[in-house]
1. Hey, residue 132 hits all of (1) surrounded by 14 or more Cβ atoms within 10 Å (Cβ to Cβ); (2) on the phi > 0 side of the Ramachandran plot but one; which does it fall short on?
2. In contact (Cβ under 8 Å) with a residue 40 or more places away in the chain and not in a helix (DSSP H, G or I): is that true of residue 148 in this structure?
3. Pairs please, first residue from region 13-35 and more than 19 Å from residue 65 (Cα to Cα), second anywhere and surrounded by fewer than 15 Cβ atoms within 10 Å (Cβ to Cβ), Cβ atoms under 7 Å, 6+ apart in sequence or on different chains.
4. Scan region 1-19 residue by residue and report those that are over 18 Å from residue 98 (Cβ atoms) and touching a strand residue (DSSP E or B) at 6+ places or on another chain (Cβ under 7 Å).
5. Filtering region 97-111 down to residues that are touching a strand residue (DSSP E or B) at 6+ places or on another chain (Cβ under 6 Å) and assigned to a helix (DSSP H, G or I), which residue is nearest to residue 19 (Cα to Cα)?
6. Quick one: which of 127, 82, 98 is over 12 Å from the mean Cα position of the chain (by Cα) and closer than 21 Å to residue 49 by Cβ?
7. Residue by residue through region 36-51, note down the ones that are free of Cβ contacts under 8 Å to residues at least 24 places away in the same chain and either within 14 Å of the chain's Cα centre (by Cα) or closer than 13 Å to residue 64 by Cβ (or both).
């Protein structure tokens, strides 16, 4: 299968948001997505996204990321969403997207890449273990939604 990678552009935001919603549904939390295409347009300086396409230009998946600074290590790349549409899974799309993220982190002189995975997502956990990722079960996420 041919996998072409490219940086997303503003006209891709509706498709990206659809994948964000598909991922939230898969993660059993669709009600938590409050983002919109308009919000993405307004905040596009804060994130980047790599799209994976097949030979016909159909989007197969995405890796949405941003750069962060962590006091213990310094400049890092945070992979917020890695998503492959169900019909394209098991074809190496996720691995290709991860490899691209690793290359971007090297090019940008990041010292770490960080992301999260749900503890029940066995398919993702198996992939991450296979490629040598360190899984940390000690830290707990702390989130607070800011209301205006």
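Taken together, the values in this text are just the output of simple stated rules run on the coordinates, not laboratory data. As the structure is a prediction and not an experimental result, all values here were calculated from the model. In this analysis, Cβ positions are derived from the backbone assuming ideal geometry, glycine residues included, and neighbour counts consider all displayed protein chains.
1. (1)
2. no
3. 30/21
4. 12, 15
5. The residue in question is 97.
6. Testing whether each residue is over 12 Å from the mean Cα position of the chain (by Cα) and closer than 21 Å to residue 49 by Cβ leaves just 127.
7. Within region 36-51, 43, 46 qualify.
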